[in-house]
Amino acid sequence: MYVNRNAVPPCPVPRHRALEVLPGRARDALADALHQLDEAELQDQPAILALALAQVGRCYRRMGDGATAEWYLQQGLRKARTLCAPEACIELLCDLAELVSILATEICRDDPRGAHAVRERARDHGYEAAQMVSLMGDWEWEAAVLQRVSRVLDRCGDADDAAALRERAGMLRARDLRTLTAANDASSWARSAQ
């Protein structure tokens, strides 16, 4: 018996339910993302499947369906991890951190204890993204990720950690600017020496 190792576990929410009630653009974006997901599942290509899952999650997030969005983003992250695709993992971790921190804010009104657990998940996603991006060697991207994570931490009430990440992002941008300036100076010097 053939077992598709790339198959996605069933979503707790019927996949095409939202298409029946959404207005134009949101419905079209979701329909397109779901179509891409269906195609990716048929092709049995994990990289394409990870991207398709992430896109469906983002569509559900824009629609305000946080639980379904989180499920799809988690599935995309799971696929990206199996592919050892750090760039995709970092983006998905940031998406999840942002989404889950918003969910925690909404839950806090009705269930403060539950909100605490959700905020911890948001923090964990954010910290993992910040740690992973520091290994990538792209200062500009690292600064952007640190800014995203700092906003999540602010939303979670971690003002000190958020400020530390913003400071680190600022130092990276300053270092990047110094490197760019030095490269421009060297280029100008080389042109003038000719």
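No value in this document is a laboratory result; all are computed from the given coordinates. Every value quoted in this text rests on a predicted model; they were computed, and no experiment measured them. Glycine also receives a Cβ, built like all others from the backbone with ideal geometry; neighbour counts cover every protein chain displayed.
Couplings for the range 99-108, taken from phi via the Karplus curve 6.51 cos²θ - 1.76 cosθ + 1.60 with θ = phi - 60°, read 4, 5, 5, 5, 4, 4, 4, 5, 5, 3 Hz in order; Gly and Pro are left as x. If you look at the Cα atoms of the range 106-174, you get an Rg and a Dmax of 13.2, 43 Å. Loop-located trypsin sites (Lys or Arg not before Pro) across the range 78-126 with a Cβ neighbour count of 16 or fewer within 10 Å are 109, with loop assigned by DSSP. Each distinct pair of alpha carbons in the range 42-107 adds a 1/r term; the inverse of their mean, the Kirkwood radius, is 11.7 Å.
3J(HN,Hα) couplings calculated from phi for the range 52-63 with the Karplus curve 6.51 cos²θ - 1.76 cosθ + 1.60 (θ = phi - 60°) are, in sequence order, 5, 4, 4, 5, 5, x, 5, 4, 4, 5, 4, 7 Hz; Gly and Pro show x. Ranking 105, 117, 85 by Cα position along the charge dipole of the range 62-120, where only Lys, Arg, Asp and Glu carry charges on their C-beta atoms, puts 85 farthest toward the positive end.
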